[in-house]
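The values are calculated or read from the model by the stated rules, or taken from the named source; none is laboratory data. What you see is a predicted model; the values in this text were computed from it and never measured. Here the Cβ positions follow ideal geometry from the backbone for every residue, glycine too, while neighbour counts run over all protein chains shown.
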Protein chains: 2
Amino acid sequence: MLGAIEAGGTKFVLAVGHSPTEIADRHVIPTRQPDETLAEALEWFRRHDRVDALGIGSFGPVDLDPSSATWGHIGNTPKQGWAGCDIAGYFAGSLGVPIGFDTDVNAAALAEAKSGAGRGVSSLAYITVGTGIGGGLVIGGWPVHGAAHPEMGHIFVQRPHAEMGFAGVCKHHGACLEGVASGPAILARWGATLSDLSPTHEAHGIVAGYLAQLCHNLFAITAVEAVVLGGGVMKTPGLIGLVRQEALRLDNGYLAAGARHQIVTPELGDNAGITGALMLADQAIPLAPAQM
Amino acid sequence: MLGAIEAGGTKFVLAVGHSPTEIADRHVIPTRQPDETLAEALEWFRRHDRVDALGIGSFGPVDLDPSSATWGHIGNTPKQGWAGCDIAGYFAGSLGVPIGFDTDVNAAALAEAKSGAGRGVSSLAYITVGTGIGGGLVIGGWPVHGAAHPEMGHIFVQRPHAEMGFAGVCKHHGACLEGVASGPAILARWGATLSDLSPTHEAHGIVAGYLAQLCHNLFAITAVEAVVLGGGVMKTPGLIGLVRQEALRLDNGYLAAGARHQIVTPELGDNAGITGALMLADQAIPLAPAQM
């Protein structure tokens, strides 16, 4: 049996399953302070058959460096009480099983790559466009780490003339992508969500243009076969089509966006993160001697 | 013995070596038409001890998909006569040895990652800023492919107000990074190279700002530990320092550019590509049964 946690800032999704794609039981608890939240999650796992490994896809920043003393800890998050929380260590100690640990968006990217929108591709980026813009990256079938983990939302992109008066809402970078195309950035200049604005409102084209540049830059920098665009903002009717159209226009035939590179919507919906966390659990189980 | 070719648009660098970091002999020939260039290269290898494998780092675009019928071919290049050239097949047939094949910039990235500026890191981007802006990407010790290969130069970045009147020189994208920060883009608006302009000329700051955004976007999208900036434009005195300074300013402490992420100059100089090609040869040698 595999166990999994999708640790979010507002809720924890818990699951057990016999394989990553067969969820046997699933439960959601609110994210409160670390000690009560982790204890409640542990209690839930103890009511089930013993798991062989636990996968955790966590909100960030997190420490993914296996050689670091703070591997599996949450980093310097503004979320009160959670900075420095040793989430992986808590479950390694209490459950006594191997822990697979990554970001929530890398877990979702892994799930969409292996059994969702990216089935059959070996490289994929998963982007969520909502309160923030986050993303995960899978290359050659594995989530990409590096010095830390991808922070897709904070790239800089070209801005149309009409936008030059808007300073952007990112606290760190002003008008980085998250500063101009996230939910709060849309609210800041148009006073409504994209879905609530008329379909003919210029906001749709402007936001699509920014997201198309994200896709183009991902294709140019990583050559990923697919970009999966999810999150609340992407639920705006027609937006994915506009992004594709704008990406084709920007690319002008060079990278063969649309042919060689795909821009797609998530297939696993709300289960992408937890499915990916089950995959992390599966990958954390040591190979039996006969398999090594 | 390993053999290697760095296949460039103006010259082919040929080398043999007992290991990737020990070049036993090295030779440069001009790039003419494919048949004479490849024959001249073959002739040179035949004058040396038989190689066990040949690594090729080639100008692009190239087909890197091992399942493709045109793997190892040069793609739709504007370089006359070379589109569709089966460069890997030519040497596989004539030398009868395994061929390692990648882009010239992925080869250089591999070399800088394993024995150059990135020694000790597992993820690195290598960028060359010259007539064009190209780059290679190494993640987890391996060059990244995907739907094709990275085309770093064609990303879109933010443009300062003062630059809005300049349409850029990229034939495909106008004011993409290559369109505003390559050698020809610098010549187009200031009539001289950066090195020939006064150190107090605004061009230095503008170009450094664009290249800093490339580094920032690379850090944000791939979390690479190091970006190696090479090529003719980067030989401008003081430019690397300006890029670092601008990247720190743009990042504003968020991704910890400068601490966690490094912006460095190449260490292998003109030998990066050919050293990487020798590494590709080394990787192409099948493991002996005892090692498998």
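Starting from the range A:115-130, keep only residues that are within 14 Å of chain B (Cβ to nearest Cβ), then list their pairs with residues that are acidic (D, E) and surrounded by fewer than 24 Cβ atoms within 10 Å (Cβ to Cβ) whose Cβ atoms are within a distance under 9 Å, requiring at least 6 positions of separation or different chains.
Here the result reads A:G118/A:E225; A:G118/A:E267; A:G120/A:E225; A:V121/A:E225; A:S122/A:E225; A:S123/A:E225; A:L124/A:E225, each pair linking the range A:115-130 to a residue that is acidic (D, E) and surrounded by fewer than 24 Cβ atoms within 10 Å (Cβ to Cβ).
Checking A:N252 against (1) among the polar types (S, T, N, Q); (2) within 14 Å of chain B (Cβ to nearest Cβ); (3) buried (at least 17 other Cβ atoms within 10 Å of the Cβ), only one condition comes out false. Which one?
(3)
What about A:D86, is it buried (at least 24 other Cβ atoms within 10 Å of the Cβ) and touching a His at 6+ places or on another chain (Cβ under 9 Å)? Working first, answer last.
Values: buried (at least 24 other Cβ atoms within 10 Å of the Cβ): no; touching a His at 6+ places or on another chain (Cβ under 9 Å): yes.
When the stated conditions are applied, A:D86 does not pass them.
In the range B:232-268, what residues are over 16 Å from B:P199 (Cβ atoms) and hydrophobic (A, V, I, L, M, F, W, C)?
If the condition is that a residue be over 16 Å from B:P199 (Cβ atoms) and hydrophobic (A, V, I, L, M, F, W, C), then B:A247, B:L248, B:L250, B:L255, B:A256, B:A257, B:A259, B:I263, B:V264, B:L268 are the ones that fit.
Rundown of residues vs (1) hydroxyl-bearing (S, T, Y); (2) at pLDDT 95 or above; (3) surrounded by 17 or more Cβ atoms within 10 Å (Cβ to Cβ), yes/no style:
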| residue | (1), (2), (3) |
| --- | --- |
| B:T21 | yes, no, no |
| B:R26 | no, yes, no |
| B:Q33 | no, yes, no |
| B:T37 | yes, yes, yes |
| B:L54 | no, yes, yes |
| B:S58 | yes, yes, yes |
| B:D63 | no, no, yes |
| B:S68 | yes, no, no |
| B:N76 | no, no, no |
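Would a scan of the range B:237-249 turn up a residue that is touching a residue at least 40 places away in the same chain (Cβ under 8 Å), within 14 Å of chain A (Cβ to nearest Cβ) and under 20 Å from A:A175 (Cα atoms)? Steps first, answer last, please.
Quick first cut of the range B:237-249, residues touching a residue at least 40 places away in the same chain (Cβ under 8 Å) only: B:237, B:239, B:246.
Retained after the next criterion (residues that are within 14 Å of chain A (Cβ to nearest Cβ)): B:246.
If we keep only those that are under 20 Å from A:A175 (Cα atoms) as well, we get B:246.
Yes.
Can you confirm whether B:G136 is assigned to a loop (DSSP other than H, G, I, E, B), touching a Leu at 6+ places or on another chain (Cβ under 8 Å), within 14 Å of another protein chain (Cβ to nearest Cβ) and not aliphatic (A, V, I, L, M)?
Details: assigned to a loop (DSSP other than H, G, I, E, B): no; touching a Leu at 6+ places or on another chain (Cβ under 8 Å): yes; within 14 Å of another protein chain (Cβ to nearest Cβ): yes; not aliphatic (A, V, I, L, M): yes.
No: the conditions fail for B:G136.
Going by the conditions given, is A:A41 crowded, with 20+ Cβ neighbours inside 10 Å, in the same structural domain as A:A281 (by TED's automatic domain parsing) and in contact (Cβ under 8 Å) with a residue 60 or more places away in the chain?
Values: crowded, with 20+ Cβ neighbours inside 10 Å: yes; in the same structural domain as A:A281 (by TED's automatic domain parsing): yes; in contact (Cβ under 8 Å) with a residue 60 or more places away in the chain: no.
It is false that A:A41 is crowded, with 20+ Cβ neighbours inside 10 Å, in the same structural domain as A:A281 (by TED's automatic domain parsing) and in contact (Cβ under 8 Å) with a residue 60 or more places away in the chain.
Please enumerate the residues belonging to the range B:185-194 that are in contact with a His (Cβ under 8 Å, 6 or more places away or on another chain) and aliphatic (A, V, I, L, M). Please lay out each step first, then the result.
Looking only at the range B:185-194, we keep the residues that are in contact with a His (Cβ under 8 Å, 6 or more places away or on another chain), and these are B:190, B:194.
Result: B:L194, single match.
Mind checking which pairs have a first residue in the range B:11-29 that is in the same structural domain as B:A41 (by TED's automatic domain parsing) and a second that is aromatic (F, W, Y) and part of a strand (DSSP E or B), Cβ under 6 Å, 6 or more apart or different chains?
Partner pairs satisfying both residue conditions: B:I29/B:F12.
Looking at A:V224, is it touching a residue at least 60 places away in the same chain (Cβ under 8 Å), within 14 Å of another protein chain (Cβ to nearest Cβ) and either closer than 29 Å to A:A53 by Cα or in a loop (DSSP other than H, G, I, E, B) (or both)? Break it down into steps so the answer makes sense when it comes.
Details: touching a residue at least 60 places away in the same chain (Cβ under 8 Å): yes; within 14 Å of another protein chain (Cβ to nearest Cβ): yes; either closer than 29 Å to A:A53 by Cα or in a loop (DSSP other than H, G, I, E, B) (or both): yes.
Yes, satisfied.
Of the residues B:A188, B:A203, B:A259, which single one is hydrophobic (A, V, I, L, M, F, W, C), surrounded by fewer than 24 Cβ atoms within 10 Å (Cβ to Cβ) and assigned to a loop (DSSP other than H, G, I, E, B)? Before you say what the answer is, go through the steps one by one.
Numbers: B:A188 fails: assigned to a loop (DSSP other than H, G, I, E, B); B:A203 fails: assigned to a loop (DSSP other than H, G, I, E, B).
Result of the check over B:A188, B:A203, B:A259: B:A259.
Condition first: at pLDDT 95 or above, touching a Pro at 6+ places or on another chain (Cβ under 7 Å) and not β-branched (V, I, T). Now tell me which residues in the range B:270-283 satisfy that.
B:L278, B:M279, B:D282
Here are the criteria: (1) without any contact (Cβ under 8 Å) to a residue 24 or more places away in the chain; (2) within 10 Å of chain A (Cβ to nearest Cβ); (3) touching a His at 6+ places or on another chain (Cβ under 8 Å). Tell me which single one B:L197 does not satisfy.
For B:L197, the failing item is (2).
Somewhere in the range B:94-112, is a residue assigned to a strand (DSSP E or B), crowded, with 23+ Cβ neighbours inside 10 Å, among the acidic types (D, E) and modelled with pLDDT of 95 or more?
yes
Filtering the range B:147-185 down to residues that are within 11 Å of another protein chain (Cβ to nearest Cβ), of a type in the set (V, I, T) and not in a helix (DSSP H, G or I), which residue is nearest to the chain's Cα centre (by Cα)?
B:I155
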